[in-house]
1. Note down the relative contact order for the chain as a percent, whole number, built from C-alpha pairs under 8 angstrom at least six residues apart.
2. Which lysines have a Cα less than 20 Å from the Cα of residue 154, not counting those fewer than 8 places away in the same chain?
3. Provide the descending list of Cα extents for segment 2-86 along its principal axes, expressed in whole angstroms.
4. Filter the DSSP H helices in the chain by two things, a Kyte-Doolittle mean of at least -1.0 and an axial alpha-carbon span of 27 angstrom or more, and list the hits by number.
5. How large is the dipole of segment 161-221 about the Cα centre if only Lys and Arg carry +1 and Asp and Glu carry -1, each at its Cβ, rounded to the nearest 20 debye?
6. Evaluated at 25 °C with a viscosity of 0.890 mPa s, what Stokes-Einstein diffusion coefficient in µm²/s does the chain have when Rh comes from the Kirkwood expression over alpha-carbon pairs?
7. Using 0.36 nm times the number of residues separating residue 148 and residue 30, minus their current alpha carbon distance, what extension gain do you get?
8. Of the options 217, 129, 5, report the single residue whose Cα projects farthest towards the positive end of the charge dipole of the chain (beta-carbon charges: Lys, Arg +1; Asp, Glu -1).
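Bear in mind that the values in this text are calculations on the coordinates, not laboratory data. Keep in mind that what you see is a predicted model, and the values were worked out from it rather than measured. Note that each Cβ is placed from the backbone with ideal geometry, even for glycine, and that neighbours are counted across all protein chains shown.
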Amino acid sequence: MLVIHHLGISVSERVVWLCEELGIPYELKIYQRDPKTNLAPAEYKALHPFQTSPVIDDGDVRLSESGAVIEYILNKHASEQQRQSITVSKDDKDYADYLYWEHFTDASLHGSMMLNSTVMRLTGGQIEHETLKNLANRLYLGYEMLEKRLKNRKFVAGEKFTIADLLLFFPISTMRNFIPIPKSLDNYPNVKDYIQRLGDRDAYKRTVQKADPQRGFVSKL
Ligand SMILES: N[C@@H](CCC(=O)N[C@@H](CS)C(=O)NCC(=O)O)C(=O)O
């Protein structure tokens with residue numbers, strides 16, 4: 001049985017969500033963040049040398065890093081039909097866009113947010129600081145790009161919900177509880193609708209109920 005080690009209100013919600021979307025059985029182990037530091041508790045850090053969520057166990061295999069975990073589950077635990085239902089094949093017209101958004105999220109967007117949060121702490125949150133302005137600007141470019149992309153599109157890769165959406169949701173919704181840049185999504189109505197649409201999915205609601213029942217919000221708008 002696949003074991004998902006879920007760190008409360010963290011990126012490992014993606015792994016639970018994937019299993020809920022596809023109906024893949026899993027055992028959930030939940031760890032709450034350290035109340036003082038808001039970081040992973042010692043038991044979670046002990047799971048993997050890099051000490052970040054997500055972490056899964058599958059028999060003798062222990063794996064971390066969202067992209068690797070998702071690819072592993074799709075290839076080892078999903079049927080071909082299930083895998084195809086949530087990915088875009090190389091012959092599809094949306095394939096290049098699918099790849100772009102799938103990789104952009106963690107390689108660029110999520111990374112930019114973490115950098116923003118660190119610099120914000122170091123500069124005491126002085127929004128006017130030149131470095132912070134430049135960094136925040138990178139995030140705004142991401143939101144503008146996404147806003148444009150979602151015009152007349154329900155999902156980021158095209159017409160169906162895919163892994164690209166499943167990855168993207170965390171930084172633009174859940175994570176905004178920690179790093180509120182941008183403060184409001186009022187300038188990004190398509191992004192707002194998209195967050196609502198994804199947060200309304202039954203599989204996502206089940207994810208929150210099971211993984212973070214105490215968190216008091218489903219999607220952050
Ligand atoms: N790109 C990585 C990001 C991992 C990451 O930063 N995880 C955060 C949770 S959102 C974490 O473990 N934070 C707790 C800590 O640093 O103690 C992935 O998706 O696997």
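1. Relative contact order, the chain: 22 percent.
2. 93, 192, 205, 220
3. Sorted largest first, the three principal extents are 44, 24, 19 Å.
4. The qualifying helices are 130-149.
5. Roughly 160 debye, rounded to the nearest 20.
6. The Stokes-Einstein estimate is 135 µm²/s.
7. Answer, rounded to one decimal: 38.8 nm.
8. Going by the charge dipole, the pick is 129.
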